[in-house]
Amino acid sequence: MESVSTLVKVSLPNYLRNLPIPNSISGFAKLSGSDWLSLVPFVGTVSLLVYVTLQAFRQKSPKPSPLVNLKVQKESSKVVNMVDIEDLGDKVCYCRCWRSKKFPLCDGSHTKHNEETGDNVGPLVLKRKA
Ligand code: FES
């Protein structure tokens, strides 16, 4: 444990103190080749830490599902609904968002889906002429 303590309290501060980091951006132009070489391990380590940190955050965001149908009749290889045109009545709303619990009819679930995703889907409304 003492070696870690010495590394953190003595060696690392000495190493950082001796790095040829100029006080201004234009000072980098005045660095010699050996100065640049002594910066390589430091820049490489910082770059690696930034990369690993960004990767850790990136992997936490799940990929959106490529599926349109997330839960309707998943046991079927294809969802097909047949409706007799004589049974339509004066007005009927069919779901196009695939989120309705009464699929193929719309139950308004598209509103929540649109709020959560920024989507703009809505039902297909079939209406008889008056
Ligand atoms: S619930 Fe799907 S379009 Fe309304």
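The values are calculated or read from the model by the stated rules, or taken from the named source; none is laboratory data. A quick note: this is a predicted structure, and the numbers were derived from the prediction, not measured. Counting neighbours? That spans all protein chains shown, and the Cβs are built from the backbone with ideal geometry, glycine included. Keep in mind that these areas ignore ligands, DNA and RNA; they rest on the heavy atoms of the full protein, side chains included. Shrake-Rupley method; radii C 1.70, N 1.55, O 1.52, S 1.80 Å.
Between the helical axis of 33-60 and the longest alpha-carbon principal axis of the chain there is an angle of about 20 degrees.
When the chain is treated as a GNM with alpha-carbon contacts under 10 Å, the residue of 24, 65, 47 showing the greatest mean-square fluctuation is 24.
The lysines within cross-link reach of residue 127, meaning a Cα-to-Cα straight distance under 16 Å and a gap of 8 or more places when in the same chain, are 91. Rolling a 1.4 Å probe over the heavy atoms of the protein chains gives the chain an accessible area of 84 Å² per residue. Put a dot 7 Å past the Cα of residue 72, heading toward its Cβ, do the same for residue 87, and the two dots end up 1.6 nm apart.
Full extension from residue 21 to residue 129: what is 0.36 nm times the residue separation minus their Cα-Cα distance, to one decimal in nm? List each step's numbers first, then the result.
Numbers: separation 108, 0.36 × 108 = 38.88 nm, distance 7.90 nm.
Full extension from residue 21 to residue 129 adds 31.0 nm.
Once each of the trypsin sites (Lys or Arg not before Pro) sitting in a DSSP loop with at most 12 other beta-carbon atoms within 10 Å is removed, the chain keeps 1-70 as its longest stretch. Only Cα sites of region 68-130 enter the Debye sum here, all with the same form factor; the resulting log10 I(q)/I(0) across q = 0.19 1/Å is -0.77, listed in q order. Accessible surface comparison of 76, 3, probe 1.4 Å, protein chains only, largest first: the order is 3, 76. Candidate cross-link partners of residue 63 among the lysines, defined by an alpha-carbon separation under 26 Å and a same-chain spacing of 8 or more, comprise 71, 74, 78, 101, 112. Can you give the relative contact order of the chain as a percent, counting alpha carbon pairs under 8 Å and 6+ residues apart? Across the chain, relative contact order equals 15 percent.
The ellipsoid that matches the Cα gyration tensor of the chain has semi-axes, each √(5λ) in whole angstrom, of 67, 18, 12, with the longest given first.
Please identify every one of the GluC sites (Glu not before Pro) in region 1-106 that sits in a loop by DSSP and has no more than 16 other beta carbons within 10 Å of its own beta carbon.
Details: sites: 2, 75, 86; in loops: 75.
The qualifying sites are 75.
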